[in-house]
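Written out below as structure tokens is the structure these notes cover.
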Amino acid sequence: MTVGDLGEFGAVSRISGRLPQGATVLLGPGDDAAMVSAPDGRVVVSTDLLLEGRHFRRDWSSGYDVGRKAAAQNLADVAAMGAVPTSIVVGLGMPPDLPVEWLDALADGFRDECAVVGASVVGGDIARSELVVIGVTALGDLGGRPPVTRSGARPGQVVAVAGRLGYAAAGLALLESGWAASRGVPLSPPQEALWEAVAAHRRPCPPYSAGPEAAELGAAAMLDVSDGLLQDLGHIAAASGVRVELDPAAFVVGEPVAAAAKELGADPLDWILGGGEDHALAAVFPAEVALPPSWRIVGDIIAGQGVVVRGRETGHAGWDHFA
């Protein structure tokens with residue numbers, strides 16, 4: 001059976017039946033609009049668009065992977081403001097020959113990623129398109145905290161990261177190289193590490209709780225690392241009018257990143273500094289703040305402009321949607 005066999009309303013009904021509603025949902029799918037509670041009185045909102053062939057490939061990722069990835073990148077944006085995600089709405093463009101099983105898996109991916117943070121899929125829209133197009137809007141609650149923006153960094157503060165860096169970029173490099181096309185090979189420990197990198201590209205694991213945690217700790221600035229650490233920290237540098245100086249020795253090279261670099265003859269630090277889609281969080285803190293283990297200091301804020309890495313030429317690194 002295909003999506004075309006279901007029709008628009010059949011597809012909507014099928015998706016809605018797979019989506020439980022959480023405690024913040026006052027009115028879920030089924031009406032012209034949903035209704036969710038906003039205990040703080042303010043709502044954090046973020047939206048993202050994923051295009052088949054540009055942001056994901058169906059021959060590389062399952063519907064479930066794509067659903068989790070699409071939800072994760074939006075939920076991470078909410079967490080990066082210091083908020084707790086509460087709900088998402090989803091717009092779907094799909095070709096009529098899309099298998100229903102792929103649609104089911106996509107909905108399950110949305111559901112399960114939202115469940116990680118206690119959020120719900122509360123509604124959306126469906127239309128016909130030549131390729132799969134996914135638009136997600138995420139909502140969040142600040143819980144009485146001020147939002148953490150990009151413009152609060154000042155000289156004398158430190159830069160720290162939470163979550164994984166370089167994993168998704170390493171996985172993408174493996175997929176692009178053709179390595180992952182040879183399935184069924186024995187999974188020795190090195191190959192297990194390589195598959196972990198591939199899995200990270202397909203399905204990121206953002207450190208959601210670190211966002212509100214950073215806000216409670218007094219973070220001066222914060223963002224989601226979606227387009228590469230150097231490029232994204234450049235947004236903080238520009239918004240705050242400061243210079244970000246990173247220490248390359250402060251970064252931990254995860255085993256999957258190291259294994260992929262060895263396999264492909266690459267420099268793992270290139271992926272850590274320039275690779276996106278892990279949806280780690282980067283934040284700026286006053287130097288006197290004692291950071292918990294979830295955060296690792298990787299640099300300093302100094303007077304000046306831009307982002308530099310000590311002893312290393314950076315050039316252009318990061319994702320550009322129009323490149």
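For region 263-306, a residue qualifies if it is within 19 Å of residue 238 (Cβ to Cβ) and surrounded by fewer than 16 Cβ atoms within 10 Å (Cβ to Cβ), and the qualifying residues are 302, 303, 304, 305, 306.
Do you know which residues across region 248-262 are part of a loop (DSSP other than H, G, I, E, B) and open to solvent by 50 Å² or more (accessible area, probe 1.4 Å)?
Here is the first cut: in region 248-262, the ones part of a loop (DSSP other than H, G, I, E, B) are 251-254.
Within region 248-262, 252, 253 qualify.
For the residues 31, 48, the requirement of being acidic (Asp, Glu) and under 17 Å from the mean Cα position of the chain (by Cα) singles out 48.
Considering each residue of region 30-51 in turn, at least one proves to be closer than 22 Å to residue 280 by Cα and in contact with a Lys or Arg (Cβ under 8 Å, 6 or more places away or on another chain). All of (1) open to solvent by 40 Å² or more (accessible area, probe 1.4 Å); (2) among the polar types (S, T, N, Q); (3) in contact with a helix residue (DSSP H, G or I) (Cβ under 7 Å, 6 or more places away or on another chain) hold for residue 21 with one exception: (3). Within region 136-156, no residue that is farther than 21 Å from residue 47 by Cα and charged (D, E, K, R) sits with its Cβ atom under 9 Å from a residue that is modelled with pLDDT under 95 and not in a loop (DSSP other than H, G, I, E, B) at 6+ positions apart or across chains.
Mind checking which residues of region 194-223 are assigned to a helix (DSSP H, G or I) and among the aliphatic types (A, V, I, L, M)? Show your work before the answer.
Kept after step one, since they are assigned to a helix (DSSP H, G or I), are these residues of region 194-223: 194-202, 210-217.
Listed by number, the residues that qualify are 194, 197, 198, 199, 200, 210, 214, 215, 217.
Show me the strands (runs of 3 or more DSSP E) found entirely inside region 75-193 where at least 3 residues are open to solvent by 10 Å² or more (accessible area, probe 1.4 Å). It comes to 84-94, 120-128, 133-141.
The values are calculated or read from the model by the stated rules, or taken from the named source; none is laboratory data. Since we're looking at a predicted model, the values are computed, not measured. Neighbour counts are summed over all protein chains in view; Cβ atoms, including those assigned to glycine, are modelled from backbone coordinates with ideal geometry. Only protein heavy atoms, including side chains, enter the accessible area calculation; ligands, DNA and RNA are left aside. Shrake-Rupley method; radii C 1.70, N 1.55, O 1.52, S 1.80 Å.
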